[in-house]
Amino acid sequence: MSIPGDLTLFPGTPGMENIMECISISFRSAPEEIRKRFAFPAGEAGTAEREAFLEEAGEAVLLFTCNRTEVYAAGEGSLERLEELLARKSGMAVTQVRRIAGRFAGEKACAHLYRVACGMDSMVVGEDEILGQVRAAYLFSAERGRCGRELNTVFQGALACAKKIKTRTLLSKTSVSAATLACAEIFRFERLLEEEKAASAAGPDGPGNMPVRKTGGKKGEKTKLQVLLVGGSGKMGGSILKNLLARENIHVYATRRSHGLGERESSRLSVVDYRERYRFLERADVIVSATESPHYTFTAGEAEEYLRGPGTAEGSETAEGAGMTESSRGEKRRLFIDIAVPADIDRQIASLPGCRVVGMDDFERLAEENNRKKQQAVQDAWALLEEELEELYKSLLFHETAGELERIRERFAGYSVDRFLFWLKDRLDAASLKAVLQALKEETSEL
């Protein structure tokens with residue numbers, strides 16, 4: 001989709017070039033296999049690693065999501081240092097990092113942050129999660145004393161701008177995220193299975209007498225799509241679980257660790273031990289993984305063993321109810337959805353019979369229709385964003401001058417309005433002088 005590309009509202013504005021710099025590695029510049037090398041783990045280990053990174057970065061904010069790793073540093077002259085830190089983090093050469101990293105400075109860095117916080121730079125334009133992620137990244141640095149006046153001003157402005165765009169435009173209306181795209185893909189897969197089943201039952205000469213596949217319920221019961229969800233207690237997984245449970249014809253097997261899932265078991269939700277996840281592969285039509293684990297939750301070798309093996313008694317009953325024989329069970333069509341970075345699911349699983357794997361990079365294609373529909377909303381949001389950036393730049397410039405007010409008073413003591421305007425005329429370009437005179441005219445027109 002078309003998004004305005006000029007990020008600089010006031011090219012060459014004195015004082016703006018040293019506000020902030022940014023290094024960005026995102027879905028726009030690097031595939032998932034590269035992005036995962038810049039991922040920070042969850043939990044205490046991840047917290048310690050981020051703190052150590054910021055210790056070396058100085059006054060900075062580190063933003064990490066599924067689709068981007070970005071560092072925003074105050075002042076200027078930090079880009080090379082940030083590239084070296086990211087190279088060390090990823091195990092890549094600095095020259096390799098430079099080939100995939102976006103570099104922003106001054107006004108462009110501010111405008112980039114505003115676009116990111118507002119969801120205008122997301123793979124799914126207008127998605128909601130990024131605002132909370134930017135806020136969390138900012139607070140993480142601020143609480144550790146890593147944000148000075150400039151970073152505080154810019155990040156608080158970006159968060160405020162994102163809230164205004166959310167409430168005043170249609171950019172985030174009927175919000176779409178990676179979680180909702182994943183659910184849409186599951187629902188498409190469900191329709192595909194039903195269409196294939198109906199076509200098979202009809203046969204070449206009309207309706208046949210093939211038994212309807214079911215999941216162990218009463219005779220003639222309609223098939224329920226079986227979904228194995230790993231990571232249902234996280235934010236992304238929780239969103240997917242909520243969407244799936246809103247559908248009557250889906251049964252979810254959601255894994256939990258010792259901390260629990262936060263959902264009660266029901267006729268359409270079974271909570272299973274994470275360690276037993278492979279045992280449920282055979283019955284599952286769809287497998288979704290949304291964890292923050294640094295390791296694969298499913299590998300091709302072990303998955304193949306469970307998909308082709310005899311399975312548990314419950315799994316065999318499922319296969320029998322599906323009208324599947326022992327030899328044909330491995331041909332069952334399955335959809336694996338991976339919405340984690342680093343990846344949870346071994347991509348080699350796609351080479352197993354009947355298996356398809358959808359990862360984060362695939363969601364860019366799935367998001368295209370959503371982004372196309374939001375072109376007008378993007379234009380509206382961009383206009384509001386420009387206004388907010390203008391206010392930011394004025395605030396930063398005025399603050400720079402505020403410390404000099406006493407000297408300014410002394411310098412222009414005794415100046416009349418006429419003399420001061422002629423002084424401005426001799427020093428400002430035509431556009432700047434016009435803006436000053438227009439502001440004065442507007443103020444005096446009400447007198």
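The values are calculated or read from the model by the stated rules, or taken from the named source; none is laboratory data. Only a predicted model underlies this, so the values are computations on that prediction, with no experimental measurement involved. Glycine also receives a Cβ, built like all others from the backbone with ideal geometry; neighbour counts cover every protein chain displayed.
From Ala377, Ala350, Ala381, which residue is surrounded by 11 or more Cβ atoms within 10 Å (Cβ to Cβ), assigned by TED's automatic domain parsing to the domain that holds Val230 and among the small types (Gly, Ala, Ser)?
Details: Ala377 fails: assigned by TED's automatic domain parsing to the domain that holds Val230; Ala381 fails: assigned by TED's automatic domain parsing to the domain that holds Val230.
Matching residue, one of Ala377, Ala350, Ala381: Ala350.
Only helices (runs of 4 or more DSSP H) whose full extent lies in the stretch 42-149 are considered here, and the ones with at least 3 residues that are within 21 Å of Glu32 (Cα to Cα) and under 13 Å from the mean Cα position of the chain (by Cα) are 129-142.
The residue that is nearest to the chain's Cα centre (by Cα), among those in the stretch 365-374 that are in contact (Cβ under 8 Å) with a residue 24 or more places away in the chain and surrounded by 15 or more Cβ atoms within 10 Å (Cβ to Cβ), is Ala367.
Let's see how each residue does on (1) touching a residue at least 60 places away in the same chain (Cβ under 8 Å); (2) aliphatic (A, V, I, L, M); (3) closer than 24 Å to Ala340 by Cα; (4) surrounded by 15 or more Cβ atoms within 10 Å (Cβ to Cβ):
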{"position": "Gly77", "(1), (2), (3), (4)": "no, no, no, no"}
{"position": "Glu80", "(1), (2), (3), (4)": "no, no, no, no"}
{"position": "Glu84", "(1), (2), (3), (4)": "no, no, no, no"}
{"position": "Gly91", "(1), (2), (3), (4)": "no, no, yes, no"}
{"position": "Val97", "(1), (2), (3), (4)": "yes, yes, yes, yes"}
{"position": "Phe104", "(1), (2), (3), (4)": "yes, no, no, yes"}
{"position": "Cys110", "(1), (2), (3), (4)": "yes, no, no, yes"}
{"position": "Arg135", "(1), (2), (3), (4)": "no, no, yes, yes"}
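Of the residues that sit in the stretch 301-325 and are touching a Leu at 6+ places or on another chain (Cβ under 7 Å) and more than 23 Å from Ala178 (Cβ to Cβ), which one is modelled with the lowest pLDDT? Of everything passing the filter in the stretch 301-325, Leu307 is modelled with the lowest pLDDT. Selection over the stretch 329-341 of residues that are farther than 16 Å from Leu229 by Cα and crowded, with 21+ Cβ neighbours inside 10 Å gives a count of 2. With the condition kept exactly as written, say whether any residue in the stretch 189-211 is outside any helix (DSSP H, G or I) and either modelled with pLDDT of 85 or more or among the basic types (Lys, Arg) (or both). No, the stretch 189-211 contains no residue that is outside any helix (DSSP H, G or I) and either modelled with pLDDT of 85 or more or among the basic types (Lys, Arg) (or both).
Every condition in (1) at pLDDT 85 or above; (2) assigned by TED's automatic domain parsing to the domain that holds Glu185 is met by Glu364 except one, and the failing one is (1).
Criterion first (touching a helix residue (DSSP H, G or I) at 6+ places or on another chain (Cβ under 8 Å), closer than 28 Å to Gly43 by Cα and either in the same structural domain as Gly46 (by TED's automatic domain parsing) or not basic (Lys, Arg) (or both)) does Arg103 satisfy it? So Arg103 fails the test.
Consider the stretch 41-56 and keep the residues that are touching a residue at least 40 places away in the same chain (Cβ under 8 Å) and either in contact with a Lys or Arg (Cβ under 8 Å, 6 or more places away or on another chain) or under 17 Å from Ser122 (Cβ atoms) (or both). The one that is surrounded by the most Cβ atoms within 10 Å (Cβ to Cβ) is Leu54. Taken over the stretch 333-379, the residue count meeting the criterion of being part of a helix (DSSP H, G or I), under 21 Å from Pro31 (Cβ atoms) and hydrophobic (A, V, I, L, M, F, W, C) is 5.
Here is a yes/no grid of residues against (1) without any contact (Cβ under 8 Å) to a residue 24 or more places away in the chain; (2) farther than 26 Å from Arg372 by Cα; (3) assigned by TED's automatic domain parsing to the domain that holds Gly58:
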{"position": "Phe140", "(1), (2), (3)": "no, yes, yes"}
{"position": "Gly145", "(1), (2), (3)": "yes, yes, yes"}
{"position": "Arg149", "(1), (2), (3)": "no, yes, yes"}
{"position": "Ala158", "(1), (2), (3)": "no, no, yes"}
{"position": "Ser172", "(1), (2), (3)": "no, no, no"}
{"position": "Ala182", "(1), (2), (3)": "no, no, no"}
{"position": "Phe187", "(1), (2), (3)": "no, no, no"}
{"position": "Lys197", "(1), (2), (3)": "no, yes, no"}
